[in-house]
Amino acid sequence: MPDDLTPLANAYRSIAEMPAQHHAAPESAAQARARFFNTGNAFNVQLPPVPDMAFTAEPARALDPATHTGFIACDISAELGCEFPATSPLVLARYARIRANESLAADFVASGVIVYVIHGSGRTICGDENLAWGEGDLLVLPGGVTQTHSADGADAVLWIVTNEPQLAFENLRAPAPGAAPTDAVHYTGAEIRRQIDMLYDIGRNEEIAGSALIFSAARQEATRNILPTLTAAMNSLPAGVVQRPHRHNSVAVSLVINGKKCFSLIDGKRKDWSPFATTITPPVSVHSHHNDGDQQALFLIIQDGGIYYHARAMGFEFTDHSAI
Ligand SMILES: [Fe+2]
């Protein structure tokens, strides 16, 4: 052993006890910035887990007529240990209330923006696009272009999901105008309803995970995603039905649209649904959805699944193997 290493070898019983090592004799500021870890001390950083929570105060505020025009974020960045607003490590959900005949402009640092109309009607101007929307509509808008949402003669409430945390994690800017990975896309509530009904008319077998309508777009058709890194699905659950327990590596940030007497089991814990709550299904958790009511349940699920598909690491599996 070289002489200059002998004191270190005596100071630690294992490489796991070593603090971050620095360049012994840096000859530049760049060399001084170097840090060295090892197999014993590099992989023990414990990040706070993604909680299996439901946001109910935020939709209550958004749906309250006394609330002024503005955004209400579902932000648990402090709990997640993130330095930027986040609902899950890579996804941010927020509500928007827009009072009658008022407008709300957004300029999110995101590659794309997903908007669901909970209530009301209005229009969104985004670059050259001018989209008239109503209750139950879903929009995708390109990042890097200001979006101005205006309500018609009654108040409107929107649910908006972006990948802002994904960009913030890497300190990235929004795409230049025209460079976003999506164009504006509009799925009307009536067409969504028609597509869901068609799934039930045709039927499925048990190898398919539920009767969810997956939203994609002309530019994302090859991947079946709604944005390169995000997936969006309108999941439906008939009265009295349980969706098979399963797990995947992507997180799900969901909006309960219709769900009386519905609940999820997440790693064995029961989570009751409430109207227009935003729920988090943590990555890798075993989960199933249950409808004890007498109406079809509907929930809109956004996942960071595009990242995992691209990385060949979705990790989807049913966990009730005996049912196959
Ligand atoms: Fe799932």
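The values are calculated or read from the model by the stated rules, or taken from the named source; none is laboratory data. The structure displayed is predicted, hence computed values, not measured ones. All Cβ positions, even for glycine, are placed from backbone atoms using ideal geometry, and neighbour counts span all protein chains on display.
Please determine, by comparing only the residues of region 265-298 that are over 23 Å from Leu80 (Cα atoms) and polar (S, T, N, Q), which one is farthest from the ligand (Cβ to nearest atom).
If we take residues in region 265-298 being over 23 Å from Leu80 (Cα atoms) and polar (S, T, N, Q), then Gln295 is farthest from the ligand (Cβ to nearest atom).
Please state which one of Pro65, Pro85, Pro51, Pro19 is touching an Asp or Glu at 6+ places or on another chain (Cβ under 6 Å), part of a loop (DSSP other than H, G, I, E, B) and not aliphatic (A, V, I, L, M).
Of Pro65, Pro85, Pro51, Pro19, the one residue that is touching an Asp or Glu at 6+ places or on another chain (Cβ under 6 Å), part of a loop (DSSP other than H, G, I, E, B) and not aliphatic (A, V, I, L, M) is Pro85.
Could you grab the pairs with beta carbons closer than 7 Å, sequence gap of 6+ or different chains, first residue in region 150-168 and over 21 Å from Ser121 (Cα atoms), second one among the hydroxyl-bearing types (Ser, Thr, Tyr)?
That search, which allows pairs on different chains as well, returns Asn163/Ser111; Asn163/Thr229; Gln166/Thr229; Leu167/Ser111.
What strands (runs of 3 or more DSSP E) completely inside region 111-228 contain at least 1 residues that are surrounded by fewer than 20 Cβ atoms within 10 Å (Cβ to Cβ) and more than 23 Å from the chain's Cα centre (by Cα)?
Filter on region 111-228 gives 122-126, 129-133, 147-151.
If you check Ile301 against the conditions, is it outside any helix (DSSP H, G or I) and either assigned by TED's automatic domain parsing to the domain that holds Met234 or away from the ligand (no atom under 11 Å from the Cβ) (or both)?
In short, yes.
Please list, ordered by first then second residue, the pairs with beta carbon atoms under 8 Å, 6 or more apart or interchain, first in region 233-256 and over 23 Å from Cys74 (Cα atoms) and free of Cβ contacts under 8 Å to residues at least 60 places away in the same chain, second small (Gly, Ala, Ser) and within 11 Å of the ligand (Cβ to nearest atom).
Between residues of region 233-256 that are over 23 Å from Cys74 (Cα atoms) and free of Cβ contacts under 8 Å to residues at least 60 places away in the same chain and residues that are small (Gly, Ala, Ser) and within 11 Å of the ligand (Cβ to nearest atom), the close pairs are Val242/Ser288; Gln243/Ala209; Gln243/Gly210; Gln243/Ser288.
Looking only at region 290-323, count every residue that is closer than 18 Å to Val241 by Cα, free of Cβ contacts under 8 Å to residues at least 60 places away in the same chain and under 20 Å from the mean Cα position of the chain (by Cα) and tell me the total.
Residues that pass the stated criteria total 0.
This table checks each residue for (1) at pLDDT 90 or above; (2) closer than 30 Å to Arg247 by Cα.
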| residue | (1), (2) |
| --- | --- |
| Ala9 | no, no |
| Ser14 | yes, no |
| Pro26 | yes, no |
| Ala30 | yes, no |
| Ala34 | yes, no |
| Thr39 | yes, yes |
| Phe55 | yes, yes |
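Within region 111-123, work out how many residues are touching a residue at least 60 places away in the same chain (Cβ under 8 Å) and farther than 10 Å from Val161 by Cα.
Adding up the residues that qualify gives 3.
If I go through region 231-257 residue by residue, how many of them are more than 20 Å from Asp320 (Cβ to Cβ) and either in a loop (DSSP other than H, G, I, E, B) or within 10 Å of the ligand (Cβ to nearest atom) (or both)?
Total satisfying the criteria: 4.
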